[in-house]
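The values are calculated or read from the model by the stated rules, or taken from the named source; none is laboratory data. Just so it is clear, the structure is predicted and the values come from calculations on it, not from any experiment. Backbone-built Cβ (ideal geometry, glycine too); neighbour counts: all protein chains shown.
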Amino acid sequence: MDKVLKIGIIGCGAIGKDHCRRIMDTVPGATVVAVSDYVPAAADETAAKYGIRSFGSDCDGMIKDPEVEAVVITSIDPTHHDYVMKTLAEKKWCFCEKPLSLNGKDCEEIINKELEIGKRLVQVGFMRRYDRGYAEMKRIIDSGEIGAPLVIKACHRNVSQGPGFKTENGVTNVAIHELDICRWLLGDEYEDVQCVKVRQSANSTKGYDNPQVMLMRTKKGCFIDVEVQVADGYGYDIQCEVVCENGTVKLPDPYAVVRRSRPAGWDSLNPAESMPIMTDWKERFIEAYDIELCAWVQSVLAGKLTGPSAWDGYVACVAGDAMNASRGTSQFRKVETMEKPELYK
């Protein structure tokens, strides 16, 4: 009989429930055997739906349970570091949704623990690396077909944010994806970064900056410009264009039927063209999440992780630290990391 990886999930909010469904229904070679959440009712509800064990709010107990072979962390961002460290203390496989932590220093502690163990056990949930659009962009860039990359122009727009969202979360929770995917696309590291406050949107009335413009320069001289809106008033919109020496490569919009029509009151002979805009991140990257979790499980069963590492999570956080530190200074801040250990090369 083929091996089946037994997984415990910490966090039964939107993404936790979605990953639970995904692992149970879509991912071969794995099953969820237990769930936990700091809100016990959330864990109990998810457990009852799948007929599995609920540890309620005893997340630590679930991590230590002998039946749980691997832990998926989908709890709120400030808890990620501690749960990763507790999972590593048990020397269990760990899939941690982004960000790995809220700062680079805590990520260093995770890296040092893996170095002590002598094996990669942590993968970070940078699912965009598994998106077909981004993967094709990287293939074209790496092939050199259109010359060396020069500039990236990107945006990350969300409809709205929940209570407690702060300006710095625009980096640590939102643009953390761009901080990872841009260095992955380019195969390059950051030299320095800057966060710029621009004209504020009328959709931002809750005390945080919106939009923000984030600028990055890489060690090979590429320039990256990312517009981040966390309350854009219309939908979930992810765009990315890489300008190269002899052409450009642009992230395609997700597949959707394009409508051409003449709306009521339209006084032109020309029809209007439109396509639906998604409002849900789960819908936009549903296939990428599927591919990501399938690849993670297969790499765990093979005994060697191949996806985004604790080092990748660390670099994104260090760049994010510099980005937040630059806000209001009108200056670029250096991105200074520890020396990359052999384990991650």
Checking the condition within 29 Å of A302 (Cα to Cα) and among the polar types (S, T, N, Q), which residue from Q123, Q194, Q200 passes? Q123
I need a count of the residues in region 295-332 that are more than 25 Å from K345 (Cα to Cα), part of a loop (DSSP other than H, G, I, E, B) and in contact with a helix residue (DSSP H, G or I) (Cβ under 8 Å, 6 or more places away or on another chain). 1
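The rows are residues; the columns are (1) surrounded by fewer than 20 Cβ atoms within 10 Å (Cβ to Cβ); (2) touching a residue at least 24 places away in the same chain (Cβ under 8 Å); (3) out of contact with any Pro (no Cβ under 8 Å at 6 or more places or on another chain).
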| residue | (1), (2), (3) |
| --- | --- |
| I7 | no, yes, yes |
| V39 | yes, yes, yes |
| D44 | yes, no, yes |
| M62 | no, yes, yes |
Sort out which residues of region 79-90 are farther than 21 Å from D18 by Cβ and either within 24 Å of the chain's Cα centre (by Cα) or not assigned by TED's automatic domain parsing to the domain that holds P40 (or both), and write them in order of number. H81, D82, M85, K86, L88
Taking the condition of being part of a helix (DSSP H, G or I) and in contact with a Leu (Cβ under 9 Å, 6 or more places away or on another chain), how many residues in region 85-115 meet it? 9
Being among the hydrophobic types (A, V, I, L, M, F, W, C), closer than 25 Å to D290 by Cβ and crowded, with 20+ Cβ neighbours inside 10 Å is the filter here, so list the residues in region 46-60 that pass it. A47
Quick test for you: out of Y289, Y236, pick the one residue that is modelled with pLDDT of 95 or more, in contact with a helix residue (DSSP H, G or I) (Cβ under 6 Å, 6 or more places away or on another chain) and surrounded by 12 or more Cβ atoms within 10 Å (Cβ to Cβ). Y289
Of all the residues that make up region 57-84, how many are under 19 Å from V300 (Cβ atoms), touching a Gly at 6+ places or on another chain (Cβ under 6 Å) and assigned to a loop (DSSP other than H, G, I, E, B)? 2
Of all the residues that make up region 13-25, how many are in contact (Cβ under 8 Å) with a residue 60 or more places away in the chain and surrounded by 14 or more Cβ atoms within 10 Å (Cβ to Cβ)? 6
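Between M127, M137, M62, which is under 21 Å from the mean Cα position of the chain (by Cα) and more than 16 Å from P308 (Cα to Cα)? Spell out the reasoning first.
Working: M127 fails: more than 16 Å from P308 (Cα to Cα); M62 fails: under 21 Å from the mean Cα position of the chain (by Cα).
None of the other options fit; the residue is M137.
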List the number of the failed condition for R199; all other conditions in (1) among the basic types (K, R); (2) free of Cβ contacts under 8 Å to residues at least 40 places away in the same chain; (3) within 26 Å of S309 (Cβ to Cβ) hold. (3)
Condition broken by N203, with the remaining ones in (1) over 14 Å from the mean Cα position of the chain (by Cα); (2) at pLDDT 95 or above satisfied: (2)
Test: F165 is within 17 Å of A322 (Cα to Cα), among the aromatic types (F, W, Y) and not assigned by TED's automatic domain parsing to the domain that holds P78: no
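Taking the condition in a helix (DSSP H, G or I) and in contact with a strand residue (DSSP E or B) (Cβ under 8 Å, 6 or more places away or on another chain), does V151 pass? Write out each step before concluding.
Working: in a helix (DSSP H, G or I): no; in contact with a strand residue (DSSP E or B) (Cβ under 8 Å, 6 or more places away or on another chain): yes.
Against the criterion (in a helix (DSSP H, G or I) and in contact with a strand residue (DSSP E or B) (Cβ under 8 Å, 6 or more places away or on another chain)), V151 does not qualify.
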